[in-house]
Amino acid sequence: MKYIASFSGGKDSTAMVLRLLDEPDYPLSEVVFFDTGMEFDSVYTIVSLVETLCKDRAIKFTRLHPKEQFLKMMLIRPVKDHYGYDWCGGRCRWMTRIKLDTIDKYCEDNPQYVGIAYDEKHRCADKLYPLVDWHMSEAACLEYCHRHGIFWDEDGVELYSLLDRVSCWCCSNKNLKELKAMYDHLPKYWGYLKGLQSRIDRPFRRDGKTIFDLEEAFRKEVE
């Protein structure tokens, strides 16, 4: 039997893995990261750092990938009467489903640690949740990472000062506050979002606003 930690590169799962590495009462055989290909650069930096820490402790680190590239599935894969799944988020979290199913299949019947924080314990199901056991909230997880010298630095800005969740940069679940922060502080990713919206008919937001509508609104705020 192997004890496998599901690791996303966000604050909660990072804090979980860091502490698991030093907790003798929680056996850890392997850490698994599912790479969507659409993570922020700082997330990939954290993933590489945690991978090194695991290897230094002789803990196996595995990177999983979807069978097809994200952009292929998003834009050109035949889907019923159209092409591409388009934006991922809301009721159509297609990559999230692929990610969870792939990790569960990889772990099989082995115990799986999942980084759900104490203040979201209502999401717990049938896996292992060390952060809940340790009563570590989301804020405590971020502080724990910072205390261990881990920061999500994007162009000199701590990503968690801008975003509530460090998920894929193109996730359509982002709220207006997060999108405005991306427009103001992360122009590279905002440009990527515009590039995707130019190829996707469906508006980015459920209220019918496209990325271009949002940019116009954000621009007017400072005029």
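Once label points are set 7 Å from the Cα along Cα→Cβ at both M1 and D104, what is their separation, rounded to one decimal in nm?
For the pair M1/D104, the computed spacing is 2.0 nm.
Mind computing the radius of gyration and Dmax over the alpha-carbon atoms of segment 111-223? Å is fine for both.
Here Rg and the maximum Cα pair distance are 17.2, 55 Å.
Over segment 134-218, with every protein chain in place, what whole percent of the accessible area is carbon and sulfur at 1.4 Å, could you tell me?
Carbon with sulfur: 52 percent of the solvent-accessible area.
Among the aspartates and glutamates, which fall within straight-line cross-link reach of K220, defined as a Cα-Cα distance under 16 Å, with same-chain neighbours fewer than 8 residues apart omitted?
Those aspartates and glutamates meeting the cut-off are D184.
Working from the pairwise distances between different alpha carbons, so that the mean of 1/r is found and then inverted, what is segment 4-74's Kirkwood radius in Å?
This gives a value of 12.7 Å.
Quote the Stokes-Einstein diffusion coefficient, in whole µm² s⁻¹, for segment 39-173, based on the Kirkwood radius over alpha carbon pairs, a temperature of 37 °C and a viscosity of 0.692 mPa s.
190 µm²/s
Which of the aspartates and glutamates could be linked to K67 by a straight reach, that is with a Cα gap under 13 Å, when you skip same-chain ones fewer than 8 residues away?
D35, D101
Going through the cross-link list K55/K194; K11/K180; K99/K177, which pairs have a Cα-Cα distance over 30 Å in this structure?
Distance filter (> 30 Å) returns K55/K194.
In square angstrom, what is the accessible area per residue of the chain with a 1.4 angstrom probe?
53 Å²
The values are calculated or read from the model by the stated rules, or taken from the named source; none is laboratory data. Treat the numbers as computed from the prediction; the structure is a model and nothing was measured. Virtual Cβ from ideal backbone geometry, glycine too; neighbours counted across all protein chains shown. The area values use the complete protein model at the heavy-atom level, side chains included, leaving out ligands, DNA and RNA. Shrake-Rupley method; radii C 1.70, N 1.55, O 1.52, S 1.80 Å.
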